[in-house]
1. May I ask you to list the residues in the stretch 1-21 that are under 10 Å from the mean Cα position of the chain (by Cα) and of a type in the set (Val, Ile, Thr)?
2. List the residue pairs whose Cβ atoms are under 7 Å apart, where the first residue sits in the stretch 20-33 and is free of Cβ contacts under 8 Å to residues at least 60 places away in the same chain, the second is open to solvent by 50 Å² or more (accessible area, probe 1.4 Å) and polar (S, T, N, Q), and the two are 6 or more positions apart or on different chains.
3. Scan the stretch 36-52 for residues that are over 17 Å from Pro65 (Cβ atoms) and in contact (Cβ under 8 Å) with a residue 24 or more places away in the chain and jot them down.
4. If a residue counts only when it is on the phi > 0 side of the Ramachandran plot and open to solvent by 40 Å² or more (accessible area, probe 1.4 Å), which strands (runs of 3 or more DSSP E) contained entirely in the chain have at least 2 such residues?
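The values are calculated or read from the model by the stated rules, or taken from the named source; none is laboratory data. Computed from a prediction, not measured in an experiment: that's the story for all the values here. Here the Cβ positions follow ideal geometry from the backbone for every residue, glycine too, while neighbour counts run over all protein chains shown. Please note that ligands, DNA and RNA were not included when accessible areas were found on the heavy atoms of the full protein model with its side chains. Shrake-Rupley method; radii C 1.70, N 1.55, O 1.52, S 1.80 Å.
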Amino acid sequence: TDGLPGAPDGYMYEAWVGDGQSVVSAGSFHLRGGDGPIELWAGVADPRFRQIWITLEPIDDDLSPSADARLRGEFDVSEP
């Protein structure tokens, strides 16, 4: 996607993949200082994990996704 503004100071974006019950982080980024491509990776090869969303996260010790989802989508995952 294009057009996501840089995260404010004290915050990061985080990408998540999930199946409606379980969720796995696919990495964090901030976009401050540029608008180049972002490459994310999650160690999940399970076709149930078809949902993806980007949240705005405060930089803190809470490792769970915030409720502040900025982008949401679903994708097709083929069986290996």
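1. The one that is under 10 Å from the mean Cα position of the chain (by Cα) and of a type in the set (Val, Ile, Thr): Val17.
2. Listed by first residue and then by second, the contacts come to Gly20/Gln51.
3. Result: Ala45, Asp46, Pro47, Arg48.
4. Working: elements: 11-18, 23-29, 51-58, 69-74.
In the chain, no matching strands (runs of 3 or more DSSP E) lie anywhere.
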